[in-house]
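Everything on this sheet refers to the single structure shown next.
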Amino acid sequence: MSSMIELLKLSRHYQMGPTTVKAIDLIDLSIEEGEFVSIVGPSGSGKSTLMNIIGCLDSPSDGAYLLDGKDVSNLSKNELAETRNRSIGFVFQSFNLLPRQSARENVELPMIYAGISPKERRQRAVEMLERVGLGDRSDHVPNELSGGQRQRVAIARALAGQPRLILADEPTGALDSKTGVEIMEFFRQLNDSGVSLIMVTHDNELAAQANRVVQIKDGKVLWDGKAEEWVQ
Amino acid sequence: MKRINARESLVMSLRSIASNKVRAFLTALGVMIGVAAVIALVALGNGAQVSVQESLQSLGSNLLIVYSGAPKGGSLVRRNTSNIEPTLTEEDLEMIRSIPLVIQATPESTATVQVKYSNLNTTATAIGTGPEYPEIRNFSPIYGSFFTQAELDTRKTVAVIGAQVYKDLFGEGVDPVGQKIRLDGINFTVIGIMEEKGDSTSDSSIFIPITAYQRYISGEKEYALVNVQAAELDSMRDLQYVIEDELLALHRLPSLDMADFYLANQLDLLSTVQGVTETFTLLLGSIAAISLVVGGIGIMNIMLVSVTERTREIGVRMALGAKGRDILGQFITEAIIISLLGGLVGIGLGVAASWAATRFGGMAAVVSVDSIFLAFGFSVITGLFFGGYPAYRASRLDPIEALRYE
């Protein structure tokens with residue numbers, strides 16, 4: 001059986017005037033279902049580019065990206081949008097909730113684009129909010145929620161489409177350390193219940209809380225292994 | 001291939017409009033004013049058309065006029081006949097009366113005369129004509145009566161005076177019937193007052209039997225013109241040809257180029273005037289349409305700002321699975337709804353303005369259903385056209401860039 005994510009000699013180059021920037025250079029990486037992986041590296045290391053490609057927001061210049069055995073490296077924009085909608089749940093550093101919509105409506109958003117009926121959407125959104133412990137906040141707009149609560153709404157939104165994978169980009173970056181710990185604990189619980197997680201961060205301590213660490217430097221994998229064996 | 005349906009786009013757009021009502025209102029204002037202007041100005045144009053047609057109709061129904069003089073063209077409602085040698089004879093008149101397509105015909109000659117009553121002095125147009133005149137020209141006495149065939153035959157010196165002449169000589173409330181007035185020194189007995197027509201020429205006229213006119217005023221046997229009432233509007237052109245042919249024969253003339261008479265009919269008059277007023281309406285409508293275009297540019301402007309402001313929202317929606325066309329649909333729907341709302345309010349304002357122009361401005365304004373549909377359609381197209389570009393820009397955003405946008 002093939003891996004959930006398989007990157008084969010994957011590269012992403014940008015042309016910046018006369019010079020070619022190799023943001024990602026010939027990376028081979030595979031991630032299995034149910035893993036909790038952190039991708040770590042300083043800014044400019046290429047980890048954001050890697051996350052964009054894994055998240056189907058960007059396509060590689062070279063190499064292949066197999067998601068559930070299917071090559072998604074040459075998909076059209078619309079096909080990428082469908083893949084994101086179906087397979088990936090995003091959690092952003094700055095939450096990215098729509099400010100004028102309630103928590104429930106924010107959670108419904110990916111399901112709108114999946115073509116799910118309003119009734120079912122509503123019901124599932126409420127279930128998701130209950131799962132992240134915000135069942136009583138579903139009618140509140142983001143402004144009326146604390147940072148931790150907002151991030152949990154965002155996690156509920158990421159879970160709502162029942163994706164194969166949650167992709168979190170610096171999920172605790174905008175939170176105080178206590179709330180950050182709570183969110184990390186919540187991620188652990190999610191992972192224990194079988195959700196696959198990839199977290200991108202520049203924070204080594206945070207990265208060490210995952211099961212597996214992939215360290216990126218200059219567009220290449222510098223280290224890849226179990227978190228407890230990782231020497232920061 | 002899943003795609004979100006129109007209902008979802010509609011809900012999203014309504015939500016976004018509701019969350020910024022003042023801006024939506026200001027955006028719609030341009031379209032509102034544009035649509036209102038189109039409807040009101042086209043209504044005024046139509047009103048002018050209707051009132052001109054009505055005043056033409058009031059000249060008499062199925063009217064055809066045979067004038068003395070060489071055909072020169074260009075003359076429309078009333079031609080100044082006083083300095084043209086009259087050429088139409090009694091024989092001509094009898095011939096015209098004998099044509100089956102003619103209901104009746106009556107001669108007419110005019111001259112400017114001095115009018116005297118007691119010590120008051122004024123000038124007026126003396127019109128010598130026949131008893132058929134009121135019916136043919138749709139112009140009757142409001143008080144007293146017109147002269148009769150018997151009075152015509154016996155060359156009675158009786159006069160029916162125009163409304164202005166009555167005011168000038170007698171003043172309101174005085175009964176003029178039976179009073180004697182002097183036209184160029186000849187005594188005429190007033191037997192009636194004509195209704196007020198509103199144009200100074202008609203209201204400053206004095207109607208006397210053509211026989212008395214010929215004897216005492218002009219001394220000529222010929223008529224300046226003959227008023228003819230045709231049996232029907234459709235056969236008017238045929239009647240014109242018949243009269244032309246017969247008159248050429250009677251006057252022993254070879255062709256119309258040499259004619260000492262010419263004909264004008266109401267049909268030609270109507271179509272000329274109609275052409276003019278249609279141009280007028282079109283002109284007014286086009287001016288108003290410009291403001292609709294300006295309104296559309298307003299929509300485009302605001303939508304572009306809105307797309308920029310909501311770049312991040314667009315990025316989030318795209319990351320969560322929105323396709324370019326979903327974003328396109330959302331923004332276009334928003335633009336169309338705004339311009340549609342503007343259009344609906346504009347229709348109301350336009351109709352109200354037309355009503356007010358009629359009610360308080362004394363102008364004739366006729367709102368046409370066509371212009372309402374046109375304006376409505378235009379406002380939808382405005383939204384589609386001017387909202388299209390900003391929506392397209394939104395749909396082409398790169399989700400990575402859009403998510404990074406501050």
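Within the stretch B:185-198, identify whether any single residue is in contact with a Phe, Trp or Tyr (Cβ under 8 Å, 6 or more places away or on another chain), part of a strand (DSSP E or B), surrounded by 15 or more Cβ atoms within 10 Å (Cβ to Cβ) and touching a residue at least 60 places away in the same chain (Cβ under 8 Å), and answer yes or no.
There is no residue in the stretch B:185-198 that is in contact with a Phe, Trp or Tyr (Cβ under 8 Å, 6 or more places away or on another chain), part of a strand (DSSP E or B), surrounded by 15 or more Cβ atoms within 10 Å (Cβ to Cβ) and touching a residue at least 60 places away in the same chain (Cβ under 8 Å).
Considering only the stretch A:166-186, how many residues are without any contact (Cβ under 8 Å) to a residue 24 or more places away in the chain and closer than 18 Å to A:Glu35 by Cα?
Counting residues in the stretch A:166-186 that are without any contact (Cβ under 8 Å) to a residue 24 or more places away in the chain and closer than 18 Å to A:Glu35 by Cα gives 1.
Could you give me the residue pairs with C-beta distances under 6 Å whose first residue belongs to the stretch B:140-157 and is in a loop (DSSP other than H, G, I, E, B), whose second residue is of a type in the set (S, T, N, Q) wherever it lies, and which are 6+ apart or on separate chains?
B:Arg155/B:Thr211
Across the stretch A:90-137, which residue is surrounded by the fewest Cβ atoms within 10 Å (Cβ to Cβ) among those that are away from chain B (no Cβ under 13 Å) and over 22 Å from B:Arg15 (Cβ atoms)?
Restricting to residues being away from chain B (no Cβ under 13 Å) and over 22 Å from B:Arg15 (Cβ atoms), the top hit is A:Asp136.
Please determine, by comparing only the residues of the stretch A:143-188 that are touching a Ser or Thr at 6+ places or on another chain (Cβ under 7 Å) and closer than 14 Å to A:Leu97 by Cβ, which one is surrounded by the fewest Cβ atoms within 10 Å (Cβ to Cβ).
A:Ala174
How about the stretch A:50-74: which of its residues are in contact with a helix residue (DSSP H, G or I) (Cβ under 9 Å, 6 or more places away or on another chain) and within 12 Å of chain B (Cβ to nearest Cβ)?
Those that are in contact with a helix residue (DSSP H, G or I) (Cβ under 9 Å, 6 or more places away or on another chain) and within 12 Å of chain B (Cβ to nearest Cβ): A:Asn52, A:Gly55, A:Cys56, A:Leu57, A:Asp58, A:Ser59.
Name every residue in the stretch A:1-31 that is touching a residue at least 40 places away in the same chain (Cβ under 8 Å) and closer than 16 Å to A:Asp68 by Cβ, in order of residue number.
Result: A:Ser2, A:Ser3, A:Met4, A:Ile5, A:Glu6, A:Leu7, A:Leu8, A:Leu29, A:Ile31.
For the stretch A:91-105, indicate whether the set of residues that are small (Gly, Ala, Ser), more than 21 Å from A:Pro171 (Cβ to Cβ) and assigned to a loop (DSSP other than H, G, I, E, B) is non-empty.
yes
Find the residue count for the stretch A:151-165, including only residues that are within 13 Å of chain B (Cβ to nearest Cβ) and touching a residue at least 40 places away in the same chain (Cβ under 8 Å).
9
Exactly one condition in (1) under 30 Å from B:Ser271 (Cβ atoms); (2) modelled with pLDDT of 95 or more is not met by B:Tyr241; state its number.
It is condition (2) that B:Tyr241 fails.
Return only the number of the condition from (1) closer than 24 Å to B:Tyr405 by Cβ; (2) in a helix (DSSP H, G or I); (3) out of contact with any strand residue (DSSP E or B) (no Cβ under 9 Å at 6 or more places or on another chain); (4) facing chain B (nearest Cβ under 9 Å) that A:Arg84 does not satisfy.
All conditions pass for A:Arg84, except number (3).
Could you identify the single residue in B:Arg325, B:Arg317, B:Arg312 that is within 14 Å of chain A (Cβ to nearest Cβ), surrounded by fewer than 17 Cβ atoms within 10 Å (Cβ to Cβ) and at negative phi?
B:Arg325
Inspect the stretch B:30-49 for any residue being farther than 30 Å from B:Ser271 by Cα and of a type in the set (Val, Ile, Thr) and give the result as yes or no.
Yes, the stretch B:30-49 has at least one match.
Residue check: is A:Ile216 surrounded by 15 or more Cβ atoms within 10 Å (Cβ to Cβ) and either more than 20 Å from the chain's Cα centre (by Cα) or within 14 Å of chain B (Cβ to nearest Cβ) (or both)?
No: the conditions fail for A:Ile216.
The values are calculated or read from the model by the stated rules, or taken from the named source; none is laboratory data. No experiment lies behind these values; they were computed from the predicted model shown. Using ideal geometry, Cβ is built from the backbone for each residue, glycine included, and neighbour counts are taken over all protein chains shown.
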